[in-house]
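Enquirer: Below is a structure I'd like to ask you about.
What follows is calculated from the coordinates using simple rules that are stated; it is not laboratory data. Predicted model, so just to flag it, every value in this text is computed and none were measured. Note: ideal-geometry Cβ built from the backbone for every residue, glycine included; neighbour counts use all protein chains shown.
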């Protein structure tokens, strides 16, 4: 399930950019998850912060950046803040060697947001059904997958999601924050 993993890519042509949209995991859990991802040897540990993906890495024309910003602002204005609870671990094995922290509360909110983000100028199909989660091990040996799976099995993190973040891939494969979009919609 590489569909929503922010992995290194070849440099985009100058007339395009590679964007992604995420729900960031706040502190203190963000540092904890980066530490775990580093501990198991995940090469992506420090390239993008722990997150739930709304839009996987997507190549877009640079000329559409204004329309994309307007679209994302409209999506954020239509969705209210919500509570998220991350609890325990899961895996996509045997489809993909990925271990993740599960979203126990807030799944529906993530699904609605992801659907709306992937409309208009960011319309795209996914290779796999959308499954909100926080990746903690990918592209690591089997024993490290097991370490991440068992080591984070008791994790419980509860926090308020009040924004989503647009990232752009930079030369070298890392990701830089473009803009944060506060969720300002009314409760449904």
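Enquirer: Which whole-number percent is the relative contact order of the range 24-121 (Cα, under 8 Å, 6+ apart)?
Expert: Once divided by the residue count of the range 24-121, the mean separation gives 27 percent.
Enquirer: To continue, here is another question. Taking only Cα atoms and a 10 Å spring cutoff, compute GNM fluctuations for the chain and point out the largest among 16, 53, 165.
Expert: Greatest mean-square fluctuation among the candidates belongs to 16.
Enquirer: Also: Zone of residue 105 (label point 7 Å along Cα→Cβ, backbone N under 19 Å): which residues in the range 27-60?
Expert: Under 19 Å, as judged by backbone N against the label point of residue 105, lie 27-30, 52 of the range 27-60.
Enquirer: Rank the residues 35, 139 as a footprinting-exposure proxy: fewest other Cβ atoms within 10 Å of their Cβ go first.
Expert: Values: 35 10, 139 16.
Arranged by neighbour count, lowest to highest, 35, 139 become 35, 139.
Enquirer: Could you tell me what percent of the DSSP beta bridges with both partners in the range 17-182 are antiparallel, to the nearest 5? Write down the numbers at each step before the final one.
Expert: On the way: 34 of 34 bridges.
Percent antiparallel among DSSP bridges in the range 17-182 is about 100.
Enquirer: Quick one: check the C-alpha center-to-center distance for the range 66-110 versus the range 117-166, whole angstrom.
Expert: The range 66-110 and the range 117-166 have Cα centres separated by 7 Å.
Enquirer: While we're looking at this one, here's another question. Relative contact order of the range 12-73: what whole-number percent is it, with Cα pairs under 8 angstrom and at least 6 residues apart?
Expert: 50
Enquirer: Continuing with the same structure: Return 154, 180 ranked ascending by Cβ neighbour count within 10 Å, so the fewest neighbours appear first.
Expert: Starting with the residue having the fewest Cβ neighbours, the order is 154, 180.
Enquirer: What is the order of 163, 37, 124, fewest Cβ neighbours within 10 Å to most?
Expert: Result, fewest neighbours first: 124, 163, 37.
Enquirer: Just want to confirm a number: the relative contact order over the chain, from Cα pairs under 8 angstrom separated by 6+ residues, in percent.
Expert: Normalised by residue count, the contact order of the chain is 33 percent.
Enquirer: In whole angstrom, and with the biggest value first, how far do the Cα coordinates of the range 17-182 range along each principal axis?
Expert: Each principal axis gives a Cα extent; for the range 17-182 these are 45, 34, 28 Å.
Enquirer: Let me ask another. Could you give the C-alpha radius of gyration of the range 84-156 expressed as a fraction of 2.2 N^0.38 Å, taking N as the number of residues it contains?
Expert: Relative to the rule-of-thumb radius for its length, the range 84-156 sits at 1.24.
Enquirer: Between residue 112 and residue 177, what is the label-point separation in nm under the 7 Å Cα-to-beta-carbon projection?
Expert: Taking the two extended label points, one gets 2.5 nm.
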